Every structure is written in C-alpha cells, then in structure tokens.
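Notes follow once the structure below has been shown.
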Amino acid sequence: MNKSDMTDDSTVSRRICFPDYELMRSLCGEHNTHLGLIEGRVGVSLDLRGNEIRIKGRDWEVELTEKILKQLYGLLESDYPLYPSDVEYAVRIVSGDRSADLKTIFKEEIFISSKKKTITPKTINQKNYIDSIRKFDIVFGIGPAGTGKTYLAMAMAMSSLIKKEIHRVVLARPAVEAGEHLGFLPGDLYEKVNPYLRPLYDALHDMMSFENASRLLEQGVIEVAPLAFMRGRTLNDSFVILDEAQNATSEQMKMFLTRLGFSSKAVITGDVTQTDLPKGKTSGLVEAKETLKGIQGIQFVYFSREDVIRHRLVQDIIDAYEKMENLRERPGKAI
C-alpha cells in the first residue's frame, strides 16, 4: 500500500508497506545497512517504521527507490538471499533501466562453485552475455577489467562440462612480455609461461575444489595453455576460452578462431584499451571487431564501467584513467 504527499520543501514523500516482517528485516539489512546503501546511492531519505518505509526526496528519486525496494522484496519472496553487494547492483541496474527485472537477472543460475556459491549475472550486460554464450558458437566479451567477462565464461564452461554438453574445456591466454622477458624467467618453458596463466588457474580453483581441478587437469579434460600452443590443433566437443585477447596479434587471433571444430564453442574476452603488444603491432581483438562484425553465428557483447563488479573503487579508478587518456588525446592539453 502506497501513500504520497508533498512536504513543505517541495520534495515528495511516499510510504510503502511490506506485509512480511521477517522479509522486511532482510530487505533493510543488518542495522539497516541496505537502506543506508540506497540512501547513499540515490540521494533519498528513508525512514523505517514497523512494516512501513517512508521515502523522501525528489520525485524521480522517490519513484526509483520505490521500484528498487519492491523488486528487492520480490527477490526475497522467491527465497533469494540478499547481500549488500546485491543492493548496490540493484541500484545500478534499475537506475540505468527503469524497466529492468531483477529476478530475470539475479535468479539466472549459471553454476554452483565448490564454495557452494551460486554464480549469477549481476548486470543487464552480463545477462546478455550469458544468453549470447548459450545461443551463439563464438562470442566476444569486450570491456574493462572487473566486468566478469572471463569468470562468467568459465562458469558457463564448467556448467557445460558437468552437463556433458562438451567433453573438454580449454583455457588459453597470450604470454605477452609486459615489462619482463620470458628468457630471463627461471625454469623450463612451462614454468616460464605459468605466471601468465595464473589468473585462469585462480578462477578455476574458485569454481571447484583443488583436488577435482587437479584431477581434471591431469586427465586433460581441462587444459590451461598459452595461446601459441593452440597452433595446428582442431578442438571438437570443446568449450574454448581466450582470455586477454587484446594481447593476441592478428595472426594469433585468426589461428585461434580457426581451431574450432564440431560441437564446440569459443568465448574471446579482452579490453581493447589495455594492450601490451609492442608498438606497431595491431591487436587481433581490435581487428576482429571490424573484420567479423555482421557474420551470423558470431556475437559481440560490450561491457562498460557500469558492469564492474569488483570493489566499488575499481569504477572510480577506470573513470580516472579514462579522463587522463581523454586529456592526452586533446591537442595542446597538458596533464
């Protein structure tokens, strides 16, 4: 039940009543943490009285907050466990698209990790990305760090493996020398390239126990390898992921894409603004954006800072660097 009126300072005041007191407590969060997050992000004032929340603010802020609160309450009614991070994502999603349905995003279960954590998309673009991976055989996920491009692709790969939709998962990454030369690193070739592959191992071990991951790696069911090791192979019944694809050369990108065999999928992820290739070398990811657009069966999904799901400061860091790059590109502007 809603009640609205206008206060003396021309701001809108609206009251929302929620019938279930226990769900109401979960909606507000411990010590009203969730309400505090909404107040800080939207700019409204929230006052809790029993089963009723009073929203005070400008008209559009009150309307937005009401949508957020009602949708979060609906998630709780469907047995979704609500965390502060979910509230932050909800504010971000509904602020960007008032017609967004949080249930279709947050209740989209991809995979349950070894930590009993359900992996789900947290933004509209992440949901589109998951849907694209299901629908298309080749998907490019392009955008800044922290948007879940590789992590969600790996979750989809593990899910497909468990469902026996594919027989093998191959995770590849270019071993680009960013600041130190491979030749100066200790050990044999595998030991030299292993540091470049470490992020893929970290994500893998987050999704399954170390024992299970080790067993599947030993059996060759899961393979983590430098991109160069893909040459000359045909990958059938496989889910293949190329991470950090902005560091693949044009020749390497073409080589990778032509490895795909029957009943296989490929997901290529990268950030075109963070290439470590030598000067004068064209990024295979940048070239693929232009060369492959319009081909049926290939889908491009683009992420932005709004899709960053790491620490909230990551968004601010991305913004700061974008501003610096924009200033550098302006002739005659010093930074």
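Filtered by the rule that a residue be open to solvent by less than 60 Å² (accessible area, probe 1.4 Å) and either at pLDDT 85 or above or closer than 17 Å to Ala213 by Cβ (or both), region 169-200 gives Val169, Val170, Leu171, Ala172, Arg173, Pro174, Asn194, Leu197, Pro199, Leu200. Kindly evaluate Leu72 against the criterion of being in contact (Cβ under 8 Å) with a residue 24 or more places away in the chain, of a type outside the set (Ser, Thr, Tyr), part of a helix (DSSP H, G or I) and open to solvent by 10 Å² or more (accessible area, probe 1.4 Å). When the stated conditions are applied, Leu72 does not pass them. In region 130-168, the residue that is farthest from Asp316 (Cα to Cα) out of those that are open to solvent by less than 40 Å² (accessible area, probe 1.4 Å) and β-branched (Val, Ile, Thr) is Ile166. Quick check on my filter: what residues within region 111-129 are open to solvent by 40 Å² or more (accessible area, probe 1.4 Å) and more than 21 Å from Lys67 (Cβ to Cβ)? Scanning region 111-129 gives Ile112, Ser114, Lys115, Lys116, Lys117, Thr118. Out of curiosity, is Glu108 open to solvent by 10 Å² or more (accessible area, probe 1.4 Å), among the acidic types (Asp, Glu), in a loop (DSSP other than H, G, I, E, B) and farther than 14 Å from Arg25 by Cα? Yes. Check region 312-331 and report whether any residue there is open to solvent by 80 Å² or more (accessible area, probe 1.4 Å) and at pLDDT 95 or above. Within region 312-331 (the criterion being open to solvent by 80 Å² or more (accessible area, probe 1.4 Å) and at pLDDT 95 or above), the answer is no, since none of the residues qualifies. Annotation note: Cβ proximity below 8 Å between a residue of region 76-92 that is more than 13 Å from Leu102 (Cα to Cα) and a residue that is assigned to a loop (DSSP other than H, G, I, E, B) and aliphatic (A, V, I, L, M) (sequence gap 6+ or interchain) occurs for Ser85/Ile309. The set of residues in region 219-245 that are touching a strand residue (DSSP E or B) at 6+ places or on another chain (Cβ under 6 Å), surrounded by fewer than 21 Cβ atoms within 10 Å (Cβ to Cβ) and not hydrophobic (A, V, I, L, M, F, W, C) contains only Glu223.
Contact map, region 200-217: first residue part of a helix (DSSP H, G or I), second residue open to solvent by 30 Å² or more (accessible area, probe 1.4 Å), Cβ cut-off under 6 Å, separation 6 or more or different chains; pairs are Ala203/Tyr151; Ala213/His205.
The values are calculated or read from the model by the stated rules, or taken from the named source; none is laboratory data. Since the structure is predicted, the reported quantities are computational estimates derived from the model, not experimental observations. Please note: Cβ atoms are built from the backbone with ideal geometry, for glycine as well, and neighbour counts cover all protein chains shown. Keep in mind that these areas ignore ligands, DNA and RNA; they rest on the heavy atoms of the full protein, side chains included. Shrake-Rupley method; radii C 1.70, N 1.55, O 1.52, S 1.80 Å.
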